[in-house]
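A.B. asks: Before anything else, here's the structure in question.
Each reported figure results from applying straightforward, stated rules to the coordinates on display, with no laboratory input. Because the structure is a prediction, the values reported are computed rather than measured. Note that we place each Cβ from the backbone using ideal geometry, even for glycine, and neighbour counts take in every protein chain shown.
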Amino acid sequence: MASFKEIVTKAVIGKGKKTFTTTSSVVPNCQATTILGCWVINHNFKGYKTGDSITIEGSYDINIWYSCEDDTKTEVIKQTDSYLEKVVVPRRNTTNIAGEEEIIVRSLKQPSCVKAEIDNGKIVYTIEKELGIEIVGDTKVKIAIDEGEDEWDIIEDNNLENNNEETINKQIDEEVKEEFLG
């Protein structure tokens, strides 16, 4: 008959992903006529628990390449954008033991510019990113224990030291091939 034991271990007790879209604007040094490119670099972030939700704090650098003076000159404007996102991560059906929880945030889709346009002298851009959040905590796992003892395996002793002299000579005669002598 099986009995049960409880094991306390670390496991993922909550997991989810979310796409975030942010629209911002920047005023260029000269009147922009055409947006030539927009890219996002240096994405840094961390997550921590605040009450029942997870707060993700991060930043990235925006580089917008644009033309000005009737498309005769180009410039790049650089700006660092910070963000603060709050999400509620769905919990899995596990027995969570009160204690420290580790928050792991991953960038599933790096921030990228999905839209950039000129509006009343400003450059308005939209950034999209996808973040995955995991909550790791202590949990209990119940397992069945079989109280019966496993059978013992018989160990065959094939070691030459323990065989008698007759067996050793017979083995030598069988293994040595005469065509290799000579």
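A.B. asks: What number, in percent, do you get for the relative contact order of region 14-145 if the mean sequence gap of Cα pairs under 8 Å and at least 6 apart is divided by its residue count?
C.D. replies: On the way: 298 pairs, mean separation 44.5, N = 132.
Answer for region 14-145 is 34 percent.
A.B. asks: Can you compute the charge dipole magnitude of the chain about its Cα centre, using +1 on each Lys and Arg Cβ and -1 on each Asp and Glu Cβ, nothing else charged? Give it in debye, rounded to the nearest 20.
C.D. replies: With only Lys, Arg, Asp and Glu charged at Cβ, the dipole is about 2480 debye.
A.B. asks: I'd like the antiparallel share, as a percent to the nearest 5, of DSSP beta bridges with both residues in the chain. Before the final figure, lay out each step's value.
C.D. replies: On the way: 71 of 71 bridges.
Around 100 percent of the beta bridges assigned by DSSP in the chain are antiparallel ones.
A.B. asks: Also: Would you please state the base-10 log of I(q)/I(0) at q = 0.12, 0.13, 0.14, 0.16 1/Å for the chain, with intensities from the Debye formula using one equal scatterer on every alpha carbon?
C.D. replies: -0.77, -0.83, -0.90, -1.00
A.B. asks: Cα centroids of region 90-123 and region 129-152: how far apart, whole angstrom?
C.D. replies: Cα centres, region 90-123 to region 129-152: 28 Å.
A.B. asks: Going toward the positive end of the dipole of region 14-145, with +1 on Lys and Arg Cβ and -1 on Asp and Glu Cβ, which of I103, V124, N42 do you reach last?
C.D. replies: The Cα lying farthest towards the positive end belongs to I103.
A.B. asks: Given the options D81, D150, D52, state which has the largest fluctuation in a GNM of the chain using a 10 Å cut-off (strictly under) for Cα springs.
C.D. replies: Result for the chain, Cα springs under 10 Å: D150 fluctuates most.
A.B. asks: Can you list residues whose amide H is under 5 Å from I13's amide H, if they're 5+ apart or on another chain and H is modeled 1.01 Å from N?
C.D. replies: Those lying under 5 Å, H to H, from I13 are I135, V136, G137.
A.B. asks: Based on the Cβ-Cβ distance from E151 to S107, what FRET efficiency comes out when R0 is 41 Å, to the nearest 0.05? Don't skip to the end; give the middle numbers.
C.D. replies: Values: r = 53 Å, r/R0 = 1.28.
Here the calculated transfer efficiency is 0.20.
A.B. asks: Nearest 10 degrees, 0 to 90: what angle lies between the long axis of helix 165-175 and the longest principal axis of the chain (Cα atoms)?
C.D. replies: The helix 165-175 is inclined about 60 degrees to the chain.
A.B. asks: Can I ask one more? Can you run phi through the Karplus equation (6.51, -1.76, 1.60; θ = phi - 60°) for region 135-147 and list ³J(HN,Hα) in whole Hz, with x for Gly and Pro?
C.D. replies: In residue order, the calculated couplings are 10, 10, x, 6, 8, 9, 10, 9, 10, 7, 10, 8, 6 Hz.
A.B. asks: Among the listed pairs K18/K49; K49/K115; K17/K142; K17/K86, which have their C-alpha atoms separated by more than 23 angstrom in this model?
C.D. replies: K49/K115; K17/K142
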